[in-house]
Amino acid sequence: MTARILVVEDEARIATVLRDYLTAAGYEVELAERGDHAWDRIREAAPDLVLLDLMLPGLDGIELCRRIRNADDAGVRGVLVIMVTARVDEVDRLLGLEIGADDYVCKPFSPREVVARVRSQLRRIARLQPAATDVGIELIEGAMRARVGACEVDLTPVEARILERLLEQPGRVYSRQQLMDAAYTDHRVVSDRTIDTHVKNLRRKLSDALSADAPITSVYGVGYRFEV
Ligand code: CA
């Protein structure tokens, strides 16, 4: 089945480029120029995913995302939302519980990057076993080990907890703070650099077992995601 995407963007030139690329990638695309019109449209026929610009006439992207997440209709609440923003410092808030976007892309963006993010999010919901990934990385329950294809890899407790969190929702970006909260249950204060070091070690172990780059990518200024 073809996934349906609603592009909410008031700049006609950007909207057209996104529509063309997403259509070429095989998606069914609709455009909305105003936030309030997009909200009406989403309630009439919930799309699978909304690509949502932040600054919009009628209703801004943040308010529209909140309405989607708080909708009475479960079909509307479950719509995937990718925010389009010009400011990386807003991203933590956009992805946080209050607003609840699934992912974001930063302006200026390449249309190819947008298509990749859309595909990644749609694959995430299509996945039947959320803990299993294409490359076959999973945690072995009750042990500080991961199964990576045919290999088993020893992990430290902190690495295991970081991997567990990243695997909860492959494709989703986790901030360093969210990974710290997962990694340290005793609420100790650790620096961003500590998390970066643990992620680096985790990546190295997984990459060695895969004989390829581990599918954990760093998201500039924010944190990390497990690629799907
Ligand atoms: Ca705009």
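The calculated FRET efficiency for ASP60 paired with GLU113, based on their beta-carbon distance and R0 = 22 Å, is about 0.45.
Give me, ordered by chain and number, the residues 5 or more places off ILE216 or on other chains with an amide H under 5 Å from its own placed amide H. Answer set, sorted by chain and number: GLU227.
Just so you know, the averaged projected area of the alpha carbon convex hull for the chain sits at 13.1 nm². If contacts are Cα pairs under 8 angstrom and at least 6 residues apart, what is the relative contact order of the chain in percent? This gives 14 percent for the chain. Peptide packing: for 99-111, 12-24, the average count of neighbouring Cβ atoms within 10 Å per residue gives the ranking 99-111, 12-24, highest mean first.
Here's the picture: a label point sits 7 Å out from the Cα of ASN201 along the beta-carbon direction, and within the stretch 171-185 the residues with their amide nitrogen under 17 Å of it are 179-185. Nearest-5 percent of antiparallel DSSP beta bridges in the chain? Antiparallel bridges make up about 45 percent of those DSSP assigns within the chain. Computed over the stretch 4-130, the range of Cα coordinates on each principal axis works out to 37, 33, 32 Å, biggest value leading. Packing, as the average of other Cβ atoms within 10 Å across residues, places the peptides 37-44, 138-145 in the order 37-44, 138-145, highest first. Our coupling estimate for the stretch 66-82, obtained by passing each phi through the Karplus curve with A = 6.51, B = -1.76, C = 1.60 and θ = phi - 60°, is 4, 4, 4, 5, 9, 5, 5, 7, 4, x, 6, 4, x, 5, 6, 10, 10 Hz, Gly and Pro reported as x.
Of the accessible area of the chain, computed with a 1.4 Å probe over protein heavy atoms only, carbon and sulfur atoms account for 49 percent. Computed over the alpha-carbon atoms, the stretch 134-226 gives an Rg to Rh ratio of 0.93, Rh here being the Kirkwood radius from the mean inverse distance. Stretching the chain fully between GLU138 and HIS37 yields a gain of 32.1 nm (0.36 nm per residue, less the alpha carbon separation). Solvent-accessible surface of the chain, averaged per residue with a 1.4 angstrom probe and all protein chains in place: 51 square angstrom.
The values are calculated or read from the model by the stated rules, or taken from the named source; none is laboratory data. For clarity, every value in this text was computed on a predicted model and none was experimentally measured. Counting neighbours? That spans all protein chains shown, and the Cβs are built from the backbone with ideal geometry, glycine included. Ligands, DNA and RNA are excluded from the accessible area calculation, which covers all protein heavy atoms including side chains. Shrake-Rupley method; radii C 1.70, N 1.55, O 1.52, S 1.80 Å.
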